[in-house]
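> Input: one structure, supplied below.
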Amino acid sequence: MQVGIIDWGGGNLGSVVRALRAVGADVVLAATPDALSGCERLVFPGVGAFGDVLGGLRTRGFDRVLLDAVQEARPVLCICVGLQALFEGSDENPDVPGLALLRGRVRRLVAPKVPQIGWNRVERAGGGAGGVIADGHYYFVNSYVAVPADPSVVAGWTDHHGRFASAVAFGSVVTTQFHPEKSGEAGLALLRRWLGR
């Protein structure tokens, strides 16, 4: 099974590649949309500012790839800002439109200390994206969180001075605000479940 990782020009690509290879995936690191043509599954890792991620995605033509993958029901895993990019926009860069695959907006965490860095608990919700999302502790690095207009898309909840959606799923798409690739055995187990292993 070939898994294509979208290289939009930044992000935590090395850790994602290593984690997927550790669970047996045949990984393609794609800097162009054409490089993803033979991939059965896609991973969109986003690390950094919302505007930078969306800019890199659009400049390289990966926005169309993601929209097509959703229409084709191809499995997609989005990580961190990859989750946030699917919404209509973000308070981090208000002038940059998101992909608007989901209604809702990304808001700044309201907490005494931001960003949230470290391990936190995820509680599965709404079927946990067909069993991909499981209760457990995962690694977070985030200052912003998505606020879906439709709560039925939430696949996991986390509390950091207030509850927020830490995993979202719809159709063939599973997304995590946390980093499975940095979450030890819990993260590797999640990747195995996403791969159907």
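Nothing in this text is a laboratory measurement; each read-out follows from the coordinates by a stated rule. What you see is a predicted model, and the numbers here were worked out from it, not measured in a lab. Quick reminder, even Gly has a Cβ in these numbers, built from the backbone with ideal geometry, and neighbours come from all protein chains shown.
> Through the Karplus equation 6.51 cos²θ - 1.76 cosθ + 1.60, θ set to phi - 60°, convert the phi angles of segment 117-124 into ³J(HN,Hα) values in whole Hz; use x for Gly and Pro.
Residue by residue, segment 117-124 yields 10, x, 7, 8, 8, 10, 10, 4 Hz.
> Could you list CYS78, CYS39 so that the one with the fewest beta carbons within 10 Å of its beta carbon is first and the one with the most is last?
Exposure proxy ranking, most exposed first: CYS39, CYS78.
> Compute the Rg/Rh shape ratio of the chain: radius of gyration over Kirkwood radius, all on alpha-carbon atoms.
0.92
> Here is a follow-up. Tell me which residues come under 5 Å, amide H to amide H, from VAL43 once H is placed; ignore anything under 5 positions away on its chain.
Under 5 Å from the amide H of VAL43 lie the amide H atoms of GLY4, ILE5, ILE6, LEU77, each far enough along the sequence or on another chain.
> Looking at the chain as a GNM with Cα springs under 10 Å, which of GLY126, GLY98, GLY156 has the largest mean-square fluctuation?
Comparing GLY126, GLY98, GLY156 in a Gaussian network model of the chain, the most mobile one is GLY126.
> Which one of LEU86, GLY126, ALA149 is farthest out on the positive end of the charge dipole of segment 84-151, using unit charges on Cβ (Lys, Arg +1; Asp, Glu -1) and the Cα centre as origin?
GLY126
> Can you list residues whose amide H is under 5 Å from TRP119's amide H, if they're 5+ apart or on another chain and H is modeled 1.01 Å from N?
Close amide H contacts, sequence-distant or interchain: PHE140.
> Which residues' amide hydrogens lie under 5 Å from the amide hydrogen of VAL147, considering only partners 5 or more residues apart or on another chain, with H built in the peptide plane?
ARG105, VAL106, ARG107
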